[in-house]
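No value in this document is a laboratory result; all are computed from the given coordinates. Quick caveat, the model's predicted, so the values are computed rather than measured. Every residue, glycine as well, gets a Cβ built from its backbone with ideal geometry; the counts of neighbours run over all protein chains shown.
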Amino acid sequence: MNPLLFNNFNAGIDFATGLFNDLTLGYATQWKSHHPERRTIGYMPIYIPREIFHSHHMLPVGLFGAGDRIPVVRGDAFFQSYICHIPRTVIECALNGSYNHFDGYIFPAICDVIRNLSGIFRINFKDKYIKYLDFPQNFSPDIGGNFYRTELENLSGDLGKLNGTDSKVESLNAAITLYNINRRLLRELDGFRSENPHLVSAAEYYLIRRAGSTLSVEDDNRFLQSMTDLARSIKKEPEDKIRVVVSGAFCEQPPLGLIKTIENAGCYIVDDDFQLGQKWLTRDIPDDTDDPMGALVDAYLNDSIHSSAVFEGTRPKGELLAKQVKDRQADGVIFCAPSFCDPALLDRPLLENAIDKHHIRHSGFQYHENLGQFHVIKEQAGTFADMIKLWE
Amino acid sequence: MGVQKETSMIKQKQMLAEHFMELATAKESGKKVVYTFVPGNLSELIYTFDMLPVYPEINSLQSGMRKKSGDYIRDAEDMGYSEDVCSYVKCDIGMMLQGNIGPTGQKLPDPDLLLLSYTGCFVFMKWFENLKQFYPNSEIAMLHIPYQEAGIIEPYAVQYIKDQLEREVIPKMEKLSGKTFNEAKLKRKLELSAQAEDLLIDVFDSARHRPSPIDAYFGGVYYIGPIFTAFRGSQDCVDYYQELKKEVDYRVRHKLGPVTPDGVLTQEKARLVVEGPPNWTHFRNFWKIFYDLGAVFVGSTYTRVGGVYDEGFRHSPDDPLGSLATYCLGCYTNRNLPQRIDLLESFITKYHADGLLVNSIKSCNSFSAGQLVMMRELEQKLGIPVGFIETDLVDPRYYSYSNIKNRLDSFFQMLEQRQSVRISDEILSDDVLA
């Protein structure tokens, strides 16, 4: 396994596409096989502190379902028709053996469905470690911070029992260093891509990021550096498209076809919340303290990105979205949320009201991860783009 | 025909009328108004500061029963709320847009405080984030209740809730009400809560008798009214449950079945336990399907959504804030799926049920996600017939009488066929009272 330094951009995209299409997550199996201490842990969106897993010699692997790439045979027997789609393909993959190599699963506290999915896994996969990771909705260090610290310490203790390791200060600081580099590289590519959306398509950028949900952080850092360097050498002329921010797709992911459709319809996606967990923390975490767990807690409390899964408190999400639009010099927002996604869909009217006050244009539609027909969305996104180009 | 009124029902109606009158005149009387939720509600604490609670879920369900929810929901959807999301939220927002007229025809006061007791339902958080924009002058206090992910109440979770109460929620209440927190007053209220909780459990446990003197679902939603909403911690609440218990004891002594809208159920043909909230828009019609068939619900999980008292928990003056924290953590939808299965199993065995029915609510992922697994687990473990229907809380578009009836007909056929293989006695508890 020595990926990740490519001679040309398309080869890197092919590699990322291969990872994306491998529903058995073969990379993780290979990674695990290299040392008997290694473990792999699947985690649901949005965010987990991956540093802790790394410090226990574990690979955290993001589980985003299987999109439109497998028929759902058994997964539908677990959920009523009015529940979102991602848990169906996740349970399908777990039942069909694709996830057999995982030693455990983490279910972050983001909604009632993911919460109850943790119970379904607890019942159906009794031999695996199952953890519903609660995040504080109180952001005072001595209240929510204390609670979150205990959650993380318990998590770390549980992980240690899986392979007999301790998370030492040095190993956790080393993991923080690696993930700081990862976040920095991602921010760099994000900035470059937002300024030059004509050079790297939204779908390509999506695949590059998606690789980071599977690869080890060491491999992903090499991959991101390589792809950023290659992207800078691409020569293409910009097209006459508007610039949009996409909001609402932080958990169940849109099919690649939908992402391509939005851009093909005349909208460069210059920012989005796809796979939001990767850019959850907006600043580096101190990596030289004698209390790295405390540093992770502080980072969550103080440097988290805005999200539908987090109580907005004194940080109104609508204003933050408006700022995001301004910072990215976007022309508008496309609200693109999965059907039956309570957090995203209940945020939408609130966010719309907020950005209306800033005279920011918006359009919106719903999808599910295995959507196969995009012509209606293409027409809607195309009309939105035309409206802005012709009348603004 | 209206529901036959018993003394307890009349008392509850009077209590509600007085409460809504107090709310209607809150601005004149200077009483502060707290909007909050039923699961994890802190009514004792709210009343300690002489403030008045309003429960948006209750407003929504009452709008559903009064056939107003359809219009309210459409108004909210016109504002951009998706068809896919919780109909309670949309109904509440629609009601607010149309003047926030409560069930007694009086306008409900705007909130002074949105007490976001985030217990067992993620949507609560989104609900009040949305309400906050409609009531920009109200304070908002978040009380985050961690989920019982491991199936136990962790001491650090209790401490987290106590910390939030002590350092954030109570100071906000003090500031708003202009009153200092009076712990002795809270303790007295908690003593009264415990008394009411004892009586409520006596009422629920009367379903061990055959015939059951209560319907623990359709009747149960009336029985939980005072304790789940505005009255827990009051003498009125204790008085209500004493009266209710008297009525239930009378029915036990005379081997009477539960009171239905069409009179006392005279022949108990099937005893059921139900998982999930009822439909409110066609409540009578829904209930009638069951009592026409002689089916009575002897246990229900919905009546534990505002607190589970079956396993011995009682509010306690010994550690007031710890007691409130433990109460919040124990509410039904804050329990993990294995715990919910265990509770259902205990109802099925304790109340000698013939079958389990799941009413899967389109609007409520907190209840609904995982129900199919719960059904299968209980079916396999207990070998009982399991029925499954789908309705919604207050969106009338999702109540299809014919679909429900068809499914229930099949379920009842299955129950009849399985009468000879009812749960074997050895796995039933000993205290079933014939």
Query - For the protein assembly as shown, with +1 on Lys and Arg beta carbons and -1 on Asp and Glu, the positive-most of A:365, A:185, A:147 along the dipole - result: A:365
Query - Summed residue charge, Cβ within 9 Å of residue A:266's Cβ, Lys/Arg positive, Asp/Glu negative - result: -2
Requested in this report: Among A:138, B:305, B:408, pick out the residue whose Cα is farthest towards the positive end of the charge dipole of the protein assembly as shown, where Lys and Arg carry +1 and Asp and Glu carry -1 on C-beta, about the Cα centre.
Outcome: B:408
Query raised in the report: Can you give me the pair-distance distribution of region B:109-164, C-alpha pairs, 5 Å bins, whole percents?
Result: 4, 19, 24, 20, 15, 10, 6, 3, 0
Report summary line: If N is the residue count of region A:74-115, its Cα Rg over 2.2 N^0.38 Å rounds to 1.20
Query - Share, in percent, of DSSP beta bridges within region B:7-184 that are antiparallel, nearest 5 - result: 10
Requested in this report: Could you pull out every whole DSSP H run in chain A that spans at least 30 Å of Cα extent along its own axis and averages -1.0 or higher on the Kyte-Doolittle scale?
Outcome: A:169-195
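With N set to the residue count of chain A, report its C-alpha Rg divided by 2.2 N^0.38 Å to two decimal places. All intermediate terms of the calculation are to be shown ahead of the outcome.
Values: Rg = 20.2 Å, N = 392, 2.2 N^0.38 = 21.3 Å.
Dividing the Cα Rg of chain A by 2.2 N^0.38 Å gives 0.95.
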Requested in this report: Could you please state, rounded to a whole Å, how far the C-alpha centre of region A:331-392 is from the C-alpha centre of region A:187-246?
Outcome: 23
Report task. For region A:193-240, list log₁₀ I(q)/I(0) at each q in 0.16 Å⁻¹, using the Debye formula over Cα point scatterers of equal strength and ignoring solvent, two decimals each. Result -> -0.46
Query raised in the report: Helix B:87-97 sits at what angle to the longest principal axis of chain B, using alpha carbons and giving 0 to 90 degrees rounded to 10?
Result: 40
Requested in this report: May I ask for the angle, rounded to the nearest 10°, between helix B:69-78 and the longest principal axis of chain B, with both axes built from Cα atoms and the value confined to 0 to 90°?
Outcome: 60
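Would you mind working out the magnitude of the charge dipole of chain B relative to its Cα centre, with +1 at each Lys and Arg C-beta and -1 at each Asp and Glu C-beta, to the nearest 20 Debye? Numbers along the way, then the final one.
Numbers: 48 positive and 58 negative charges, 163 e Å.
Taking the Cα centre of chain B as origin, the dipole is about 780 debye.
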**Report entry** Whole-number D in µm² s⁻¹ for region B:1-86, Kirkwood Cα-pair radius fed into Stokes-Einstein, 4 °C, 1.567 mPa s
**Finding:** 84
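Within 10 Å, at most 16 other Cβ atoms, and a DSSP state outside H, G, I, E, B define an exposed site. Report the longest part of chain B free of exposed trypsin sites (Lys or Arg not before Pro).
Numbers: sites that count: B:5, B:66, B:67, B:179, B:255, B:269, B:418.
Value returned for the longest uninterrupted segment is B:270-417.
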Query raised in the report: Which number comes out as Rg/Rh for region A:156-235 once both Rg and the Kirkwood Rh are worked out on C-alpha atoms?
Result: 1.12
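Let me check I've understood the local charge: for residue A:177, count other residues with C-beta under 10 angstrom from its C-beta, Lys and Arg +1, Asp and Glu -1. What total comes out?
Numbers: positive: none; negative: A:51, A:284, A:287, A:288.
Net charge around residue A:177: -4.
Hey, got the dipole for region B:1-118? About the Cα centre, +1 on K and R Cβ, -1 on D and E Cβ, debye to the nearest 20?
Numbers: 12 positive and 16 negative charges, 90 e Å.
Dipole size: approximately 440 debye.
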Requested in this report: Could you work out the Kirkwood radius for region B:7-184, taking every pair of different alpha carbons, averaging 1/r and inverting it, reported in Å?
Outcome: 17.3
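Restricting to bridges with both residues inside the protein assembly as shown, how much of the DSSP beta-bridge set is antiparallel, in percent to the nearest 5?
Of all bridge pairs located within the protein assembly as shown, approximately 5 percent are antiparallel.
Assuming a viscosity of 1.567 mPa s and a temperature of 4 °C, what translational diffusion coefficient in µm² per second does Stokes-Einstein assign to region A:308-392, Rh being the Kirkwood radius over Cα pairs? Present the calculation step by step, with values, prior to reporting the outcome.
Values: Rh = 14.0 Å.
It comes out at roughly 93 µm²/s.
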**Report entry** Per-bin percent of Cα-Cα distances, region A:94-152 [10 Å]
**Finding:** 22, 42, 25, 10, 1
Query - Dipole-positive endmost among B:291, B:33, A:102 within the protein assembly as shown (Cβ charges, Cα centre) - result: B:291
Report summary line: With x for Gly and Pro, the residue-by-residue ³J(HN,Hα) of region A:47-55, computed from phi through the Karplus equation 6.51 cos²θ - 1.76 cosθ + 1.60 at θ = phi - 60° and given in whole Hz, is 10, 9, x, 5, 4, 5, 5, 4, 5
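For region A:212-256, which trypsin sites (Lys or Arg not before Pro) are both in a DSSP coil and crowded by at most 14 other Cβ atoms within 10 Å? Walk me through the numbers before you get to the answer.
Working: sites: A:222, A:232, A:235, A:236, A:241, A:243; in loops: A:235, A:236, A:241.
For trypsin sites (Lys or Arg not before Pro) across region A:212-256 that sit outside H, G, I, E and B with at most 14 neighbouring Cβ atoms in 10 Å, the list reads A:235, A:236.
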Query - Fluctuation leader among B:368, B:212, B:193 - chain B, Gaussian network, Cα springs under 10 angstrom - result: B:368
Requested in this report: Could you check the simple spin-label distance between residue B:22 and residue A:34, using points 7 Å along Cα→Cβ, in nm with one decimal?
Outcome: 6.7
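Is there a quick way to get the dipole size of the protein assembly as shown? I mean about its Cα centre, with the Cβ of Lys and Arg at +1 and of Asp and Glu at -1; what is the value in debye to the nearest 20? The partial results should precede the final answer.
Values: 88 positive and 110 negative charges, 252 e Å.
For this selection, approximately 1220 debye.
Given Cα positions, please report Rg to Rh for region B:232-327, the hydrodynamic radius being the Kirkwood one. Write out the running numbers ahead of the final one.
Values: Rg = 16.6 Å, Rh = 16.0 Å.
Radius of gyration relative to Kirkwood radius: 1.03.
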Report summary line: Computed Rg/Rh for the protein assembly as shown (Cα atoms; Rh = Kirkwood radius) stands at 0.97
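From the helices alone, meaning DSSP H stretches of at least four residues, give me the mean residue ellipticity at 222 nm for the protein assembly as shown, per-run term -39500 (n - 2.57), in deg cm²/dmol to the nearest 500. Walk me through the intermediate numbers first.
Details: 33 runs with 392 residues, N = 826.
Here the helix-only value at 222 nm equals -14500 deg cm²/dmol.
How big is the antiparallel share of DSSP beta bridges in region A:234-392, given as a percent to the nearest 5? List each step's numbers first, then the result.
On the way: 1 of 16 bridges.
Counting DSSP beta bridges with both partners in region A:234-392, the antiparallel share is about 5 percent.
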Report summary line: The helix B:183-205 Cα axis meets the longest alpha-carbon principal axis of chain B at an angle in degrees, between 0 and 90 and rounded to 10, of 10
Query raised in the report: Which of A:299, A:202, A:337 moves most in a GNM of chain A, Cα contacts under 10 Å?
Result: A:299
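For region B:186-427, state the average projected area of the convex hull of the C-alpha atoms over all orientations, rounded to one decimal in nm². If you can, show how the numbers build up before the last one.
Numbers: hull surface 51.6 nm².
For the Cα atoms of region B:186-427, the hull's average projected area reads 12.9 nm².
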Query - Cα-based Rg and Dmax for region A:23-169, where Dmax is the largest Cα-Cα distance (Å) - result: 15.7, 47
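Which value, in Å to one decimal place, does the Kirkwood hydrodynamic radius take for chain B when every pair of different Cα atoms is included? If you can, show how the numbers build up before the last one.
On the way: mean 1/r = 0.0454 Å⁻¹.
Computed over Cα pairs of chain B, the Kirkwood hydrodynamic radius comes out at 22.0 Å.
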Requested in this report: Name the residues whose placed amide hydrogens come within less than 5 Å of the amide hydrogen of residue B:141, ignoring near sequence neighbours (fewer than 5 apart) on the same chain.
Outcome: B:114, B:115, B:116
Report task. Take the alpha carbon atoms of region B:189-239, find their center, do the same for region A:136-177, and report the distance between the two centers in whole angstrom. Result -> 42
